[in-house]
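One structure is given below, encoded as C-alpha cells.
The values are calculated or read from the model by the stated rules, or taken from the named source; none is laboratory data. Owing to the predicted nature of the structure, the values given are computational and were not obtained by experimental measurement. Note: ideal-geometry Cβ built from the backbone for every residue, glycine included; neighbour counts use all protein chains shown. Surface accessibility is based on the protein's heavy atoms, side chains included, excluding ligands, DNA and RNA. Shrake-Rupley method; radii C 1.70, N 1.55, O 1.52, S 1.80 Å.
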Amino acid sequence: TRDGEMVSNTVIKKSILTFIEDEDKENPLTDEQIMKRLLDMNYNIARRTVSKYREKLNIPIARLRKKNI
C-alpha cells in the first residue's frame, strides 16, 4: 500500500475480478483504469502488474471483453 504495508496478491486479484465483473460491458475497464481504482483503495500497483494478474485470472483485455448491445 502507499503506507508501506504489504498486501497479498490474492487481495489484489479479487479486487481486479470484482472491478471486471461490475464493469459496463459496453465500455470495459482498461488495465490503466483498474490501476487507478486500486490506487484509490491505497494499493500501490503498476499497470503491468495489473495486466499480469488479469492474464493469470484468464481475463482478456478490455477490447476483447467489449459487448455491443
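Which of the following residues is part of a loop (DSSP other than H, G, I, E, B), among the hydrophobic types (A, V, I, L, M, F, W, C) and open to solvent by less than 100 Å² (accessible area, probe 1.4 Å): Ile59, Ile20, Ile34?
Ile59
Please work out which one of (1) at pLDDT 95 or above; (2) open to solvent by 60 Å² or more (accessible area, probe 1.4 Å) is the condition Met41 fails and give its number.
Result: Met41 fails condition (1) only.
Pick out the one residue from Lys14, Lys25 that is out of contact with any Phe, Trp or Tyr (no Cβ under 8 Å at 6 or more places or on another chain), in a helix (DSSP H, G or I) and either over 17 Å from Arg63 (Cβ atoms) or of a type in the set (D, E, K, R) (or both).
Lys14
Which members of segment 44-56 meet the condition of being in a loop (DSSP other than H, G, I, E, B) and surrounded by 12 or more Cβ atoms within 10 Å (Cβ to Cβ)?
The answer is Asn44, Ile45.
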